[in-house]
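A.B. asks: This is the structure I have questions about; it appears just below.
The values are calculated or read from the model by the stated rules, or taken from the named source; none is laboratory data. Note that the coordinates shown come from a computational prediction; the quantities given were computed from them, not determined experimentally. Neighbour counts are summed over all protein chains in view; Cβ atoms, including those assigned to glycine, are modelled from backbone coordinates with ideal geometry.
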Amino acid sequence: VAFGLIDEFRRAVRFLDTAYLDNRNAFLDCTPVQNGPIEVPGRILEVQPMTDRPPRLEGKVAIVTGAGSSGEGVGNGKAASILFAREGAKVLLVDFQEDRARETLQLIQEEGGVASTLQGDMTKLEDCERMANTAIERYGRVDILDNNVGISQRGTVVEVSEEDWDKVMTVNLKTIMLASKAIIPHMIASVGGGVIINISSIAGLRAHSSTPYSASKAGVIGLTFSMAADHAADNIRVNAIAPGLVYTPMVAPRMNDDLRQYRTDAAPLKTEGTGWDVGYAALFLASDEARWITGICLPVDAGLTAVHPGTFTPMNQQTRY
């Protein structure tokens, strides 16, 4: 029996070697793919030159919460808003402080994009419902919801007050539930599906010195997974992004040159991330290129979560970032 199995194995190896050589030779002899339809089992793909392709979000409507930035520069929501508009989406820019959203609006309009602003407190269901109704009134549909609202809170469970704990959970986690609760029925009714993107953090993937923040961002990931399962039948994709140690207007006041360099050196790529890195990840997840992706948490962190031994380093304990 053993010799028979060995013979079968040898025949299988010879078959695979022959198949590999045949496919390799066919690949080397092939001509470049021409523009036009390509037949694939079960469907036809239309191949177009990159310069001829329509914008990735053409004809779609996106809502971005936290669409402004707290200071100079570009945060996650601001970057996503600009990129969505560049790719053809009409964008409803929602922020608790509408003047911040207007700054984003000006940048979009200068580039020829279409957007408008709305003041809203995402901790209130009535404001979330008003946001959904406004998008339908102005643009007639909702395809994308990008949830960016968030705050930070330092301390352990012993150090943090109950009031501060509740505030972090409300702003970082409950707002996503309320916004999604208000938007999902309109997604289903207006376009028969959609995309929801929730901004979490690598602090939600492992221990972090800001325990309330870490717990809330872990909750975002869990909520994302559950929503993805709940609404897959509604043709709604739900994914999370976990930014790493990005340099944004929200963290800038707590940074100095040494800490920025430490954060940059902590990850394998040894480069400093910005809101644009998170924005481009959101753009991909919002596009049809990610049509088969739902229920994931995508780290955008220069490889930090892959190699970092932990967040409780001497520098971290000293600076409490």
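A.B. asks: Taking segment 181-197, which residues are buried (at least 24 other Cβ atoms within 10 Å of the Cβ) and either assigned to a strand (DSSP E or B) or charged (D, E, K, R) (or both)?
C.D. replies: Gly194, Val195, Ile196, Ile197 - these are the residues of segment 181-197 that are buried (at least 24 other Cβ atoms within 10 Å of the Cβ) and either assigned to a strand (DSSP E or B) or charged (D, E, K, R) (or both).
A.B. asks: I've got another one for you. For Lys217, are the conditions met, namely being among the basic types (Lys, Arg) and either crowded, with 19+ Cβ neighbours inside 10 Å or part of a strand (DSSP E or B) (or both)? Talk me through it step by step, then tell me what you get.
C.D. replies: Working: among the basic types (Lys, Arg): yes; either crowded, with 19+ Cβ neighbours inside 10 Å or part of a strand (DSSP E or B) (or both): yes.
Considered against the rule, which asks whether it is among the basic types (Lys, Arg) and either crowded, with 19+ Cβ neighbours inside 10 Å or part of a strand (DSSP E or B) (or both), Lys217 comes out as yes.
A.B. asks: Scan segment 256-276 for residues that are touching a residue at least 60 places away in the same chain (Cβ under 8 Å) and part of a helix (DSSP H, G or I) and jot them down. Working first, answer last.
C.D. replies: Taking segment 256-276 and keeping what is touching a residue at least 60 places away in the same chain (Cβ under 8 Å), we get 259, 274-276.
If the condition is that a residue be touching a residue at least 60 places away in the same chain (Cβ under 8 Å) and part of a helix (DSSP H, G or I), then Leu259, Gly275, Trp276 are the ones that fit.
A.B. asks: Also, I was wondering about something else. I need a count of the residues in segment 163-206 that are in contact with a Ser or Thr (Cβ under 7 Å, 6 or more places away or on another chain) and closer than 12 Å to Ile144 by Cα.
C.D. replies: 3
A.B. asks: Report, ordered by the first and then the second residue, all pairs with beta carbons closer than 9 Å, sequence separation of six or more or different chains, a first member in segment 281-300 that is more than 23 Å from Leu245 (Cα to Cα), and a second member that is in a loop (DSSP other than H, G, I, E, B) and among the hydrophobic types (A, V, I, L, M, F, W, C).
C.D. replies: As it stands, the answer is Ser287/Leu57; Asp288/Leu57, since those pairs meet every condition given.
A.B. asks: Then there's this: Determine, yes or no, whether Ala207 is at pLDDT below 95 and assigned to a loop (DSSP other than H, G, I, E, B).
C.D. replies: So Ala207 fits the description; yes.
A.B. asks: Which is without any contact (Cβ under 8 Å) to a residue 40 or more places away in the chain and either polar (S, T, N, Q) or farther than 25 Å from Ser214 by Cβ (or both), of Glu159, Glu72, Glu110?
C.D. replies: Exactly one residue qualifies, and that residue is Glu110.
A.B. asks: Do the conditions hold for Val246, that is, is it closer than 10 Å to Ala302 by Cβ and touching a strand residue (DSSP E or B) at 6+ places or on another chain (Cβ under 7 Å)?
C.D. replies: yes
A.B. asks: Could I ask something else about it? Need the failing condition index for Arg154 against (1) at pLDDT 95 or above; (2) surrounded by 15 or more Cβ atoms within 10 Å (Cβ to Cβ), just the number.
C.D. replies: (1)
A.B. asks: Select, from Leu178, Leu223, Leu145, Leu118, the only residue that is in contact with an Asp or Glu (Cβ under 8 Å, 6 or more places away or on another chain) and either closer than 16 Å to Asp95 by Cα or part of a helix (DSSP H, G or I) (or both). Break it down stepwise before answering.
C.D. replies: Details: Leu178 fails: in contact with an Asp or Glu (Cβ under 8 Å, 6 or more places away or on another chain); Leu223 fails: in contact with an Asp or Glu (Cβ under 8 Å, 6 or more places away or on another chain); Leu145 fails: in contact with an Asp or Glu (Cβ under 8 Å, 6 or more places away or on another chain).
Unique residue meeting the criteria: Leu118.
A.B. asks: While we're on this one: List pairs: first in segment 191-218 and under 27 Å from His231 (Cβ atoms) and touching a residue at least 60 places away in the same chain (Cβ under 8 Å), second surrounded by fewer than 24 Cβ atoms within 10 Å (Cβ to Cβ) and among the aromatic types (Phe, Trp, Tyr), Cβ under 8 Å, 6+ apart or cross-chain?
C.D. replies: Ala203/Tyr213
A.B. asks: Also, quick follow-up: Scanning segment 278-296 for residues that are surrounded by fewer than 20 Cβ atoms within 10 Å (Cβ to Cβ) and of a type outside the set (A, V, I, L, M, F, W, C), which turns out farthest from Arg53 (Cα to Cα)?
C.D. replies: Going through the qualifying residues, I end up with Gly295.
A.B. asks: If you don't mind, there's one more thing I want to ask. Can you name every residue in segment 79-120 that is among the acidic types (Asp, Glu) and under 21 Å from the mean Cα position of the chain (by Cα)?
C.D. replies: Across segment 79-120, the qualifying residues are Glu87, Asp95.
A.B. asks: Next question, about the same structure. Is there any pair linking a residue in segment 129-151 that is touching a residue at least 40 places away in the same chain (Cβ under 8 Å) to one that is crowded, with 20+ Cβ neighbours inside 10 Å and among the charged types (D, E, K, R), with Cβ under 6 Å and at least six apart or on different chains, and which?
C.D. replies: Tyr139/Lys90; Asp143/Lys60
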